[in-house]
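Reading through the structure tokens given below for one structure.
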Amino acid sequence: MSGFLEERASGRAVFWAALLGVLAGWGLAALGWWVLRPPSEVMLTLLPPPTPPPWQVHVDGAVQRPGVYVVRPGARVIDAVTAAGGLRPEADTRAINLAAPLEDGARVWIPRRGETPPAAPTRPARGAVSPQTPAARLNLNTATAAELEALPGIGPALAQRIVEYREQHGPFTTVEDLLAVSGIGPAKLEQLRPYITVEDSK
């Protein structure tokens, strides 16, 4: 009887040992899978790049609607001209580069045929017009108020007074005649002298 009980106890011990071995094997397998499992996919959200602010350019001269217009960054002279309604028939297209790049705050001057573009007090768009040198002076006897505003120190009111003085007293004979216009003194005349000339308007 005791031998039977011993044999039965020994069988149980073997069973439990085998069961523990199987469970240990499963545990090691699960642990190995957990360690060696492929990394989970990480979802990345890519934000669009910030939109640069639009540019403002001043379009003047022989265009349909001179003024300040908003264009996209990286725009060309042709974009500014299009925004201003396009070229007028008298525009001198040989003196401009419609493919030239613009920059924010640029002034695009479109000259008329036979017209010398005035010297601009601010930096113009690169390649927008023919090179402006001190010799490219504005004729006081033919300049419009808008053209006079391009001169340093000349605002809309003073430009209009120059035009009205010319209409009332006739063409200027010398640049010193500007001293007779209210708002122009010797210091301002010297500031303007490199940019202006007096020629027969006929």
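Quick check: is even one residue across the range 178-200 touching a residue at least 24 places away in the same chain (Cβ under 8 Å), more than 22 Å from ASP60 (Cα to Cα), among the aromatic types (Phe, Trp, Tyr) and not assigned by TED's automatic domain parsing to the domain that holds VAL59?
Looking through the range 178-200, none of the residues is touching a residue at least 24 places away in the same chain (Cβ under 8 Å), more than 22 Å from ASP60 (Cα to Cα), among the aromatic types (Phe, Trp, Tyr) and not assigned by TED's automatic domain parsing to the domain that holds VAL59.
Would you be able to tell me the number of residues in the range 165-202 that are acidic (Asp, Glu) and out of contact with any helix residue (DSSP H, G or I) (no Cβ under 9 Å at 6 or more places or on another chain)?
4
Could you list, in sequence order, the residues of the range 169-201 that are of a type in the set (Ser, Thr, Tyr) and touching a strand residue (DSSP E or B) at 6+ places or on another chain (Cβ under 9 Å)?
Across the range 169-201, the qualifying residues are TYR195, THR197, SER201.
If you scan the range 153-175, which residues turn out to be of a type in the set (D, E, K, R) and surrounded by fewer than 16 Cβ atoms within 10 Å (Cβ to Cβ)?
Matches in the range 153-175: GLU164, GLU167.
Tally the residues that are buried (at least 19 other Cβ atoms within 10 Å of the Cβ), of a type in the set (A, V, I, L, M) and not in a helix (DSSP H, G or I), restricting the search to the range 47-93.
9
Kindly provide the set of residues from the range 176-202 that are over 36 Å from the mean Cα position of the chain (by Cα), among the aliphatic types (A, V, I, L, M) and surrounded by 16 or more Cβ atoms within 10 Å (Cβ to Cβ), ordered by number.
Those that are over 36 Å from the mean Cα position of the chain (by Cα), among the aliphatic types (A, V, I, L, M) and surrounded by 16 or more Cβ atoms within 10 Å (Cβ to Cβ): LEU178, VAL181, VAL198.
The values are calculated or read from the model by the stated rules, or taken from the named source; none is laboratory data. A quick note: this is a predicted structure, and the numbers were derived from the prediction, not measured. Glycine also receives a Cβ, built like all others from the backbone with ideal geometry; neighbour counts cover every protein chain displayed.
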